[in-house]
1. Per residue, how many Å² of accessible area does the chain show with a 1.4 Å probe?
2. Round to a whole number: what % of the accessible area of segment 3-70 belongs to carbon and sulfur, probe 1.4 Å?
3. Subtract the Cα-Cα distance of Phe68 and Val39 from 0.36 nm times their separation in residues, and report this length gain in nm to one decimal.
Amino acid sequence: MDIKRVKDYIYWLYYQYLLITCSYVLEPWERSMFHTITVTVFAMVVYTAYVFVPIHVRLAFEFFSQIFGGQSESRV
């Protein structure tokens, strides 16, 4: 793939992001604050999903395996 095409595509994606979030009307300092907050919130959501989703999936699997006649572990 041509480097110029990739660069143009990335610029196009960034422009779409600016249009969707309406951040193209903000001042430069407001835009940087908006991007900082957006990236921070996104990072927190990803981290929370990474930490807590596997735990909840395991607990749900154990719960439904007990309901549907799975073998229960002996608890000592």
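1. I get 95 Å² per residue for the chain.
2. Summing carbon and sulfur atoms, their accessible area is 76 percent of the total for segment 3-70.
3. Net length gain for the segment: 6.2 nm.
The values are calculated or read from the model by the stated rules, or taken from the named source; none is laboratory data. This structure is a prediction, so every number in the text was calculated from the model and none was measured. When the accessible area is computed, the model is the full protein with side chains, heavy atoms only, and any ligands, DNA or RNA have been set aside. Shrake-Rupley method; radii C 1.70, N 1.55, O 1.52, S 1.80 Å.
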